[in-house]
Amino acid sequence: MFQLKRGDIVVIGDRVAVVVALEGEDDVPEEHVALWFGPEEASKTEDRLRPIVWTAPAEYCSLAAPAEWRH
């Protein structure tokens, strides 16, 4: 199995996410990674958006296809 690292873009189920933490960091459980799914996964605090980060078993993730770059 490949080794995930922070910043990897992965596919889990039918969604794309970015790895933001690895097991042992920021309370991420063993054999899990922390994933951010983008701006739709944010909550509004008093005056700004706060990202929502989910943990999931690393084995459920696969590397995404190379990104399509736009400017």
Spin-label proximity, residue 16 to the stretch 46-71 - amide N less than 12 Å from point 7 Å beyond Cα toward beta carbon
64-70
Which of 51, 10, 39, positive extreme of dipole for the chain (C-beta unit charges):
39
Quick one: net charge around residue 15, please, counting Lys, Arg +1 and Asp, Glu -1 for every other residue with C-beta under 13 Å from its C-beta.
-3
Taking placed amide H atoms and a strict 5 Å upper bound, the residues 5 or more places from residue 21 or on another chain that come that close are 34
At 7 Å along Cα-to-Cβ for each site, give me the label-to-label distance between residue 23 and residue 37 in nm.
2.3
In terms of the ratio Rg/(2.2 N^0.38 Å) built on C-alpha atoms, what value belongs to the chain?
1.16
Under the Karplus relation 6.51 cos²θ - 1.76 cosθ + 1.60, θ = phi - 60°, what is the ordered set of whole-Hz ³J(HN,Hα) values for the stretch 2-14, x standing for Gly and Pro?
6, 9, 6, 9, 4, x, 4, 9, 10, 10, 9, x, 10
In whole Hz, what ³J(HN,Hα) sequence does the stretch 48-63 give by Karplus (6.51, -1.76, 1.60; θ = phi - 60°), x for Gly and Pro?
7, 7, 10, x, 9, 10, 10, 9, 8, x, 4, 5, 7, 9, 10, 5
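FYI, it's all coordinate maths here, none of it is from the lab. Predicted model, so just to flag it, every value in this text is computed and none were measured. Heads up, the Cβs are rebuilt from the backbone with ideal geometry, glycines too, and the neighbour counts pull from every protein chain shown.
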